[in-house]
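The structure under discussion appears below in the form of structure tokens.
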Amino acid sequence: MAIKELALAEAFGIARGSRTNQVVVQVELEHEGVIGCGEASAVYYRGETVDAVVEFLGTTAPPLVGDDPFALEDIEERLEDVDGLSGGKAALDAALHDWIGKRLGVPLWRLLGLSPRAPHTSFTIGIDTIEGTRDRVRRAREFRALKVKVGGAEDLERLDAVREEAPDATIRVDANEGWTLDAARDLMPELIRLGVEFVEQPFPAADTDSFNALKDLHPRLPVIVDEGCQNLADVRPAAAYADGINVKLAKSGGVREAVRMIHAARALGLHVMLGCMVESQLGVAPAAAIASLADWVDLDGHLLLADQPFTGLRFEDGRVLPSAEPGLGVAPA
Ligand code: MG
């Protein structure tokens, strides 16, 4: 197990603050001579810390994994009593899937019966000045979709600038719980004018009153829940106040729960977005393996980094695609 500090290519600003690096925990699982790998980001908006993830992966989890890495359902059941730590659980789940894929000689997407296709990924434009925002958009020409972080002082001016610089790009906005109902009501006609595709997590997760009030606004854009939808149990409540969910493995605790969430969302008529944390290709790879199940993909976590400690994921025509190598299909660079 190793704690790694990943440097970001440039400062990353969202409604909650700005940062220049991301700490992740990488884990290896060895069994019968095969090594499976996974990476965890502590989900800070759930109160998870790197220390707790290290404690979980190094001490708590190993005896609960047992001696059969194929027994994913049983392992998950044994881990159920461990509270929270979905980031750590996702790393362990990734390592188990990597191990199984390597042991059987098949890539994860194939193991799951999926295709290696994926919708275009969005590229995140963090909160910045108007000129800084323009500059970021100019340097993101290889992406078909831009996810603009909002919830700052100059949201509309920045979005106008983004549309000017990228007249043909798909634009999505993510407020990371940073708007009030009044702000969302005021901005909605402007977002529609700018051709924005959807709004992600406009209000604090607990403020479902504001989500419900926004639902009555006509016309309006689809509203996607991220911070407010962590796992399968959150999907049905989300369907009552929003139009879609953003599934992330670091929230769900791994691939199996993420796939369950996606199917539940489909049954409830919800749109499905697949996202990630700021993480290396090792962290993004399991999400890339299930990206064909999503309507919208936001898998740019590794593309925000200064360096690539792992290789294997492909970037083609604005899409992040999984490798054809066994397991997660990534290896140290
Ligand atoms: Mg989000």
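The values are calculated or read from the model by the stated rules, or taken from the named source; none is laboratory data. Values in this document were obtained by computation on a predicted structure and should not be read as measured data. Cβ atoms come from the backbone with ideal geometry, glycine included; neighbour counts cover every protein chain shown.
When segment 43-57 is filtered for residues that are out of contact with any Leu (no Cβ under 9 Å at 6 or more places or on another chain) and of a type in the set (Gly, Ala, Ser), only 47 remains. As a summary of the residue check, residue 302 satisfies the conditions (1) under 20 Å from residue 99 (Cα atoms); (2) crowded, with 24+ Cβ neighbours inside 10 Å; (3) away from the ligand (no atom under 16 Å from the Cβ) except for the one numbered (1). Residue-level check: of (1) more than 16 Å from the ligand (Cβ to nearest atom); (2) assigned to a helix (DSSP H, G or I); (3) of a type outside the set (Lys, Arg); (4) closer than 24 Å to residue 274 by Cβ, residue 140 misses just (2).
Say whether the condition of being acidic (Asp, Glu), touching a Gly at 6+ places or on another chain (Cβ under 7 Å) and part of a helix (DSSP H, G or I) is met by at least one residue in segment 118-137.
Scanning segment 118-137 turns up no residue that is acidic (Asp, Glu), touching a Gly at 6+ places or on another chain (Cβ under 7 Å) and part of a helix (DSSP H, G or I).
Annotation note: of 294, 285, the sole residue that is within 30 Å of residue 18 (Cβ to Cβ), outside the structural domain of residue 46 (by TED's automatic domain parsing) and away from the ligand (no atom under 16 Å from the Cβ) is 285.
Against the definition (modelled with pLDDT under 95 and among the hydrophobic types (A, V, I, L, M, F, W, C)), how does residue 70 come out, yes or no? Against the criterion (modelled with pLDDT under 95 and among the hydrophobic types (A, V, I, L, M, F, W, C)), residue 70 does not qualify. Name the residues in segment 228-259 that are in a loop (DSSP other than H, G, I, E, B), under 20 Å from residue 91 (Cβ atoms) and within 14 Å of the ligand (Cβ to nearest atom), would you? Those that are in a loop (DSSP other than H, G, I, E, B), under 20 Å from residue 91 (Cβ atoms) and within 14 Å of the ligand (Cβ to nearest atom): 230, 248. May I ask you to verify whether residue 206 is surrounded by 17 or more Cβ atoms within 10 Å (Cβ to Cβ), at negative phi and not assigned by TED's automatic domain parsing to the domain that holds residue 21? For residue 206, the condition - surrounded by 17 or more Cβ atoms within 10 Å (Cβ to Cβ), at negative phi and not assigned by TED's automatic domain parsing to the domain that holds residue 21 - is not met. Within segment 258-273, track down each residue that is crowded, with 22+ Cβ neighbours inside 10 Å and either among the polar types (S, T, N, Q) or touching a residue at least 40 places away in the same chain (Cβ under 8 Å) (or both). Answer for segment 258-273, where residues must be crowded, with 22+ Cβ neighbours inside 10 Å and either among the polar types (S, T, N, Q) or touching a residue at least 40 places away in the same chain (Cβ under 8 Å) (or both): just 273.
Counting the residues of segment 282-320 that are in contact with a Pro (Cβ under 8 Å, 6 or more places away or on another chain) and closer than 21 Å to residue 252 by Cα gives 10. Tell me, please, whether a residue that is under 18 Å from residue 143 (Cα atoms), assigned to a strand (DSSP E or B) and aliphatic (A, V, I, L, M) can be found in segment 287-296. No, segment 287-296 contains no residue that is under 18 Å from residue 143 (Cα atoms), assigned to a strand (DSSP E or B) and aliphatic (A, V, I, L, M).
Of the set (1) buried (at least 23 other Cβ atoms within 10 Å of the Cβ); (2) touching a helix residue (DSSP H, G or I) at 6+ places or on another chain (Cβ under 8 Å), all apply to residue 296 but (2).
Among the residues of segment 299-331, the one identified as free of Cβ contacts under 8 Å to residues at least 40 places away in the same chain, touching a Leu at 6+ places or on another chain (Cβ under 6 Å) and either hydroxyl-bearing (Ser, Thr, Tyr) or closer than 14 Å to residue 39 by Cα (or both) is 310. Among the residues here, residue 274 qualifies as within 13 Å of the ligand (Cβ to nearest atom) and not in a loop (DSSP other than H, G, I, E, B).
For segment 155-169, a tally of residues being within 16 Å of the ligand (Cβ to nearest atom) and under 16 Å from residue 144 (Cβ atoms) returns 0. Evaluation of residue 116 against the conditions (1) surrounded by fewer than 23 Cβ atoms within 10 Å (Cβ to Cβ); (2) at pLDDT below 95 shows that the sole unmet condition is (2). Check whether at least one residue in segment 197-215 is modelled with pLDDT of 95 or more, away from the ligand (no atom under 15 Å from the Cβ), out of contact with any Ser or Thr (no Cβ under 8 Å at 6 or more places or on another chain) and not in a helix (DSSP H, G or I), and report yes or no. For segment 197-215, residues modelled with pLDDT of 95 or more, away from the ligand (no atom under 15 Å from the Cβ), out of contact with any Ser or Thr (no Cβ under 8 Å at 6 or more places or on another chain) and not in a helix (DSSP H, G or I): present. Number of residues in segment 288-317 that are of a type in the set (Ser, Thr, Tyr) and either farther than 25 Å from residue 244 by Cα or within 13 Å of the chain's Cα centre (by Cα) (or both): the value is 1. Specify the residue that is nearest to residue 87 (Cα to Cα); the eligible residues are those in segment 222-244 that are among the hydrophobic types (A, V, I, L, M, F, W, C) and surrounded by 21 or more Cβ atoms within 10 Å (Cβ to Cβ). Among them, the one singled out is 229.
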